[in-house]
1. Given the protein chains as shown and a 1.4 Å probe, how many square angstrom of Tyr75 are accessible, to the nearest 10?
2. Would you calculate the separation in nanometres between label points at Ala16 and Ser36, each defined as 7 Å from the Cα along the Cα-to-beta-carbon direction?
3. From the protein chains alone at 1.4 Å, what is the descending order of accessible area for Tyr53, Tyr6, Tyr12, largest first?
4. What distance in nm separates the simple spin-label points at Ala28 and Ile58, each placed 7 Å from Cα in the Cβ direction?
5. Report Asp52's accessible area, 1.4 Å probe, all protein chains in place, as a number in Å² to the nearest 10.
6. For Arg61, Arg5, write out the residues from largest to smallest accessible area, computed with a 1.4 angstrom probe and no ligands counted.
7. Using a probe radius of 1.4 Å on heavy atoms only, what accessible surface per residue do you get for the range 1-63? Whole Å² is fine.
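The values are calculated or read from the model by the stated rules, or taken from the named source; none is laboratory data. Computed from a predicted model, the values in this text were never measured in an experiment. Quick reminder, even Gly has a Cβ in these numbers, built from the backbone with ideal geometry, and neighbours come from all protein chains shown. Side chains are part of the model used for accessible areas, which takes the heavy atoms of the whole protein and leaves out ligands, DNA and RNA. Shrake-Rupley method; radii C 1.70, N 1.55, O 1.52, S 1.80 Å.
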Amino acid sequence: MNVSRYNPSFYYYAGADCCNFVSQCLVAGGKSMSDSWWATTTGSTVPLADTDYSKSGISWRYVPSFDSYWQSKGYAKIRITSTCLLYTSDAAD
(Lines give C-alpha, C1' and ligand atoms only; values in the text may rest on other atoms or scores of the structure.)
Protein backbone atom coordinates (compact mmCIF):
# COMPACT_ATOMS: atom_id res chain seq x y z
CA MET A 1 0.00 0.00 0.00
CA ASN A 2 1.29 3.45 -0.89
CA VAL A 3 -0.03 6.74 -2.16
CA SER A 4 0.78 5.81 -5.77
CA ARG A 5 -1.29 2.60 -5.94
CA TYR A 6 -4.50 1.40 -4.35
CA ASN A 7 -4.38 -1.60 -2.04
CA PRO A 8 -6.55 -4.26 -3.72
CA SER A 9 -7.45 -5.76 -0.33
CA PHE A 10 -9.64 -2.74 0.50
CA TYR A 11 -12.11 -0.69 -1.52
CA TYR A 12 -11.01 2.80 -2.53
CA TYR A 13 -12.79 6.16 -2.77
CA ALA A 14 -11.75 7.96 -5.94
CA GLY A 15 -10.83 11.56 -5.29
CA ALA A 16 -11.28 11.29 -1.51
CA ASP A 17 -9.17 8.40 -0.29
CA CYS A 18 -6.80 9.94 2.28
CA CYS A 19 -8.66 8.84 5.43
CA ASN A 20 -9.12 5.35 3.97
CA PHE A 21 -5.36 5.27 3.35
CA VAL A 22 -4.59 6.27 6.97
CA SER A 23 -7.09 3.72 8.30
CA GLN A 24 -5.42 0.98 6.26
CA CYS A 25 -2.03 2.07 7.65
CA LEU A 26 -3.38 1.73 11.19
CA VAL A 27 -4.63 -1.79 10.46
CA ALA A 28 -1.27 -2.67 8.89
CA GLY A 29 0.33 -1.37 12.09
CA GLY A 30 -1.77 -3.65 14.28
CA LYS A 31 -4.95 -1.73 15.13
CA SER A 32 -8.09 -3.87 15.11
CA MET A 33 -11.29 -2.86 13.36
CA SER A 34 -14.39 -2.37 15.50
CA ASP A 35 -18.14 -1.97 15.07
CA SER A 36 -17.59 1.79 14.63
CA TRP A 37 -14.32 1.79 12.66
CA TRP A 38 -14.40 -0.85 9.94
CA ALA A 39 -14.05 -1.67 6.27
CA THR A 40 -14.98 -4.66 4.19
CA THR A 41 -12.05 -6.36 2.50
CA THR A 42 -12.39 -7.12 -1.19
CA GLY A 43 -10.80 -10.53 -1.60
CA SER A 44 -9.63 -9.14 -4.93
CA THR A 45 -6.23 -8.80 -6.58
CA VAL A 46 -7.24 -5.63 -8.44
CA PRO A 47 -8.40 -2.33 -6.86
CA LEU A 48 -12.19 -1.94 -6.59
CA ALA A 49 -14.05 1.32 -5.99
CA ASP A 50 -16.74 1.73 -3.33
CA THR A 51 -19.04 4.04 -5.26
CA ASP A 52 -21.97 4.02 -2.81
CA TYR A 53 -19.95 4.24 0.46
CA SER A 54 -21.40 0.98 1.77
CA LYS A 55 -18.13 -0.92 2.16
CA SER A 56 -16.84 0.96 5.23
CA GLY A 57 -18.02 2.86 8.26
CA ILE A 58 -17.96 6.64 8.15
CA SER A 59 -15.17 6.83 10.75
CA TRP A 60 -12.98 4.75 8.41
CA ARG A 61 -13.23 7.16 5.48
CA TYR A 62 -14.35 10.61 6.74
CA VAL A 63 -11.80 12.74 8.65
CA PRO A 64 -14.12 14.44 11.21
CA SER A 65 -15.63 11.05 12.16
CA PHE A 66 -12.19 9.42 12.19
CA ASP A 67 -10.98 12.17 14.53
CA SER A 68 -13.96 11.76 16.87
CA TYR A 69 -13.60 7.98 16.91
CA TRP A 70 -9.94 8.00 17.91
CA GLN A 71 -10.42 10.74 20.50
CA SER A 72 -13.23 8.66 22.04
CA LYS A 73 -10.70 5.82 22.37
CA GLY A 74 -8.41 8.00 24.48
CA TYR A 75 -6.08 9.26 21.80
CA ALA A 76 -5.10 12.91 21.99
CA LYS A 77 -4.59 15.14 19.01
CA ILE A 78 -1.41 17.18 19.14
CA ARG A 79 -0.81 19.90 16.57
CA ILE A 80 2.77 19.70 15.32
CA THR A 81 2.48 22.23 12.49
CA SER A 82 -0.44 23.91 10.82
CA THR A 83 -0.74 20.95 8.41
CA CYS A 84 0.38 17.97 10.48
CA LEU A 85 -1.40 16.20 13.34
CA LEU A 86 -0.03 13.48 15.60
CA TYR A 87 -2.16 11.16 17.71
CA THR A 88 -0.83 9.80 20.98
CA SER A 89 -2.38 7.68 23.67
CA ASP A 90 -1.81 5.81 26.89
CA ALA A 91 -4.97 3.82 26.13
CA ALA A 92 -4.69 0.08 25.66
CA ASP A 93 -5.97 -1.23 22.36
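1. 40 Å²
2. In this crude label model, Ala16 to Ser36 measures out at 2.1 nm.
3. Numbers: Tyr53 120, Tyr6 95, Tyr12 50 Å².
Solvent-accessible surface, decreasing: Tyr53, Tyr6, Tyr12.
4. The two pseudo-label positions are separated by 2.8 nm.
5. So the heavy atoms of Asp52 present about 100 Å² to solvent.
6. Working: Arg61 50, Arg5 160 Å².
Descending accessible area places them as Arg5, Arg61.
7. Numbers: 3760 Å² over 63 residues.
For the range 1-63, the solvent-accessible area averages 60 Å² per residue.
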